[in-house]
Structure formats: C-alpha cells, structure tokens
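Q: One structure is given below, represented as structure tokens, and several questions about it will come after.
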Amino acid sequence: MTVEIMEKAHIAKNKPFYTELKKGKRYLWCSCGLSKTQPFCDQSHVGTSFKPVLTVGQYDGEEVLFCGCKQTKNAPFCDGAHNNIDDEYSSDYPNSSENKNVLEVLADENGLAMLDGGCYVSIVASVAREEHENISVGTLISEKQGAQYQSQFYLESSQGQSSVLSFSDSHVVILVTEGKGVINISGKNFFIAPEMGIYVRPNEAFCIKNTETENIKLFASVCPSAEAPKILDSMPSNFAEDYPDRTIKANSDSRNRMADRYWEVLVDKQVGCTMATQFIGEIPESKALPHRHLYEESLVILKGSGYMWTEGRKAKVTAGDIIFLPRKQVHSLQATDPEGLYLVGVIYPGDNPSINY
Ligand code: FES
C-alpha cells in the first residue's frame, strides 16, 4: 500500500468559511485541505499525517470562520494567516467597469458621508461639540448612529486642566493624535503624546492637563457604548493598581505582517482591556478586495488619504476623518497616496484585525 506523506496542508481556499453552528452539534474540520466537503472532513486525510479537528457548537447561530487555507495556528478557526499566502494583500482594481459605476458620496452638513449598511465616514471638524472646562466633546459613533458595541468621542483639550470625565462601567480606549501633556486617570498621572494608546478601566475617571498652547486632540472609544461622558465634580481616587500599564506607544518591533500591510496592537487584553482591541495599521497605495469582518470597527485616519468603498457607494477619507464599519458589512479601503494610509482602529468583538472573510 502506498502511504502519501504530506508535509504541508493543501490550501483549499484562500479565505475562511463563514458558518453558523448548532448547539451541541459536532463539526470535524478538515486540516489536510484535501476534503471535497470543505471546510469539513471527508476522510481524504487517511494515509497522511493530518487529523481532522473537532469543535462543538456552543449555541444555535454561533458564528465562526473555519480556516480554508489550513495554515492557521488557531485550528479550526481562521487566525488571519491566509493574508500572508501571497506577498501582496488581495487587491481590487479601482477603475474596473464595476467600480466605475460606484457612486461617490459627499459629506452632509453634519460632516457625514453615509455608505451602505450603516457604514459612514465622518469629517470630525464638522461634528458639533459640547464645551466643558478646557475640553470639548463631539460624538462620532453612538448607538443612535447604528453602533452595537462601541461609541466614539472626539475630545479636544485646550490649555489648563480639563473637566473630569467618566464613562461609568465601560472600558475606554483613547488615541492621542495631536499635542502633548498629561492624563490623570483616577488620581495617577501619565505623560501622553501623539500616536499613543491610553486605557481607562471601568468606573475610573480621567482629565487632561495641557501646559502647552497647542490643543491636545484625542479620540475616545467606549465599549460597551455610552451616550456621553459624565462630568464629575472631582477626581475619584480609585485607580485600579492591578492594571498599571495605561499608555502604549507604537513600537515597530511588535508589528505583524499582513502581506504588504502591517498592524500592531496598542491596547488589548494584555493591559486588561477585555472589551475592545486598539491597533495601528499601515496600508500601501492599493484598494483591498471587498471583504467583511465579524467585528464592529472604528477607524481614525492618521496620515494619507483614500476612499472607503461599500457595495454601491464610496466616500473620500483623509487624515483626521473617522470611519464607522458595522459587522459583516462588505467594504474595502483604498489608499490613494503613494505613501499609503496610516490609521488606528478599535474592534469588538474579536481581537485580531487580520481576520476577514
Ligand atoms: S483561512 Fe486560514 S487562516 Fe484564514
């Protein structure tokens, strides 16, 4: 009898298989890639060193992405490894006859360019703001605007010490885009500077101390979502000492490759944030092939410009704009500058921004 030895699994498909599981049902995932009933085993592995992997549905309608490329390190589920099969991220041709018919949407008087399925681009400078002591607050993403898991607020702090803000029992993940100063989190001071991620624990409060003339600009993602910050009379002294790391600066040593793109986690469960993952990413001049995610996402464009595309609409995005992307919405982000796009995203549920289908 000839025994076939396979050293590497066969790539059944360059993308995962979206599947809704049934409670208590057993699923045998094909790890060899030879099965004709992908993503499930049909015994084709017999005679190879591969074995199928069992998973059991936890509840009816549980949504999973079974790995199709068979390169995952999180079998049987996709971990984003399929993005690295080719050297270039799967791209689309912006001038294809299909794409030429896509309507370009301009922002309305509130700075919103509405795309398909509740996805939108928001021009932050046009968003109304509420003034508090040395800080103004604008709502960029909220339940009212269709978000399920996160809200996002733009904060701009002028010289002096700001009002004390609290988002009650939500996790708060902040990004600094301009200016330098200090954030006081429930009694403890941290230096802050651009492209830094900041984490505020549930029930803590914070204020910004700005000693410069330049305003400090920040984006606060709140998960679970909140309608608005509460303004407190004084700073509570309830800093959660068990979670000492609160400011995370991008560090190119921890970058993850995704074909010709890069991403790096700033705030996530490593520092205690179990309700959101914040990452910084770099996209070269290109248009991604349309895809979806199982997570809800907000993006702040830090550098460069391009277009956010959904099925039948597209809107220009440029540094300073934000994008809200609902779960499962087909989209692609195009970078039009030769220097590419540089952005920061917050996702939930899920903690791996390279998982797409
Ligand atoms: S399909 Fe295999 S890692 Fe995503």
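The values are calculated or read from the model by the stated rules, or taken from the named source; none is laboratory data. Note that this is a predicted model, so its numbers are computed, not measured. Cβ: placed from backbone, ideal geometry, glycine included. Neighbour counts: every protein chain shown.
Q: Taking the condition of being on the phi < 0 side of the Ramachandran plot, of a type outside the set (Gly, Ala, Ser) and within 17 Å of the chain's Cα centre (by Cα), how many residues in segment 311-347 meet it?
A: Qualifying residue count, segment 311-347: 19.
Q: Restricting the search to segment 127-136, which residues are touching a Ser or Thr at 6+ places or on another chain (Cβ under 9 Å) and surrounded by fewer than 20 Cβ atoms within 10 Å (Cβ to Cβ)?
A: Answer for segment 127-136, where residues must be touching a Ser or Thr at 6+ places or on another chain (Cβ under 9 Å) and surrounded by fewer than 20 Cβ atoms within 10 Å (Cβ to Cβ): Val127, Ala128, Arg129, Glu130, His132, Glu133, Asn134, Ser136.
Q: For segment 230-315, please list each of the strands (runs of 3 or more DSSP E) lying entirely inside it that holds at least 1 residues being among the aromatic types (Phe, Trp, Tyr).
A: Qualifying strands (runs of 3 or more DSSP E): 261-265, 277-283, 305-309.
Q: I'm told Arg261 meets every condition in (1) within 23 Å of Asp86 (Cβ to Cβ); (2) free of Cβ contacts under 8 Å to residues at least 60 places away in the same chain except one. Can you identify the failing condition by its number?
A: The failed condition is (2).
Q: Give Val64, Val127, Val121 a once-over and let me know the one that is within 30 Å of Pro52 (Cα to Cα) and of a type in the set (Val, Ile, Thr).
A: Residue meeting the stated conditions: Val64.
Q: Also: Scan segment 287-306 and give yes if some residue there is acidic (Asp, Glu) and farther than 18 Å from Ala147 by Cα, otherwise no.
A: Scanning segment 287-306 turns up no residue that is acidic (Asp, Glu) and farther than 18 Å from Ala147 by Cα.
Q: Of the residues Leu65, Leu34, only one is of a type outside the set (Phe, Trp, Tyr), in a loop (DSSP other than H, G, I, E, B) and either buried (at least 18 other Cβ atoms within 10 Å of the Cβ) or under 25 Å from the mean Cα position of the chain (by Cα) (or both); which?
A: Going through Leu65, Leu34 in turn, just one is of a type outside the set (Phe, Trp, Tyr), in a loop (DSSP other than H, G, I, E, B) and either buried (at least 18 other Cβ atoms within 10 Å of the Cβ) or under 25 Å from the mean Cα position of the chain (by Cα) (or both): Leu34.
Q: Taking segment 86-121 as the search range and keeping residues that are within 20 Å of Asn14 (Cβ to Cβ), touching a residue at least 40 places away in the same chain (Cβ under 8 Å) and over 22 Å from the mean Cα position of the chain (by Cα), which one is nearest to the ligand (Cβ to nearest atom)?
A: Ranking the qualifying residues of segment 86-121, first place goes to Asp86.
Q: Go through segment 287-308 residue by residue and tally those that are small (Gly, Ala, Ser), at pLDDT 95 or above and in contact with a Phe, Trp or Tyr (Cβ under 7 Å, 6 or more places away or on another chain).
A: 2
Q: Of all the residues that make up segment 99-126, how many are crowded, with 17+ Cβ neighbours inside 10 Å and under 30 Å from Asp233 (Cα atoms)?
A: So the answer is 1.
Q: Any residue in segment 308-333 that is within 14 Å of Ala113 (Cα to Cα) sitting within a Cβ distance under 7 Å of a residue that is among the polar types (S, T, N, Q) and outside any strand (DSSP E or B)? List the pairs, counting only those 6 or more apart or interchain.
A: The qualifying pairs are Thr310/Gln329; Phe324/Gln145.
Q: Another question, then. Considering only residues that are of a type in the set (Asp, Glu) and without any contact (Cβ under 8 Å) to a residue 60 or more places away in the chain, look in segment 28-81 and name the one that is farthest from Glu7 (Cα to Cα).
A: The qualifying residue farthest from Glu7 (Cα to Cα) is Asp60.
Q: Turning to a different aspect of this structure: Determine which member of the set Met258, Met275 is touching a helix residue (DSSP H, G or I) at 6+ places or on another chain (Cβ under 6 Å) and either charged (D, E, K, R) or not assigned by TED's automatic domain parsing to the domain that holds Ser158 (or both).
A: Testing whether each residue is touching a helix residue (DSSP H, G or I) at 6+ places or on another chain (Cβ under 6 Å) and either charged (D, E, K, R) or not assigned by TED's automatic domain parsing to the domain that holds Ser158 (or both) leaves just Met258.
Q: Those residues that are part of a loop (DSSP other than H, G, I, E, B) and surrounded by 17 or more Cβ atoms within 10 Å (Cβ to Cβ), I need them from segment 203-214; list them, please.
A: Glu204
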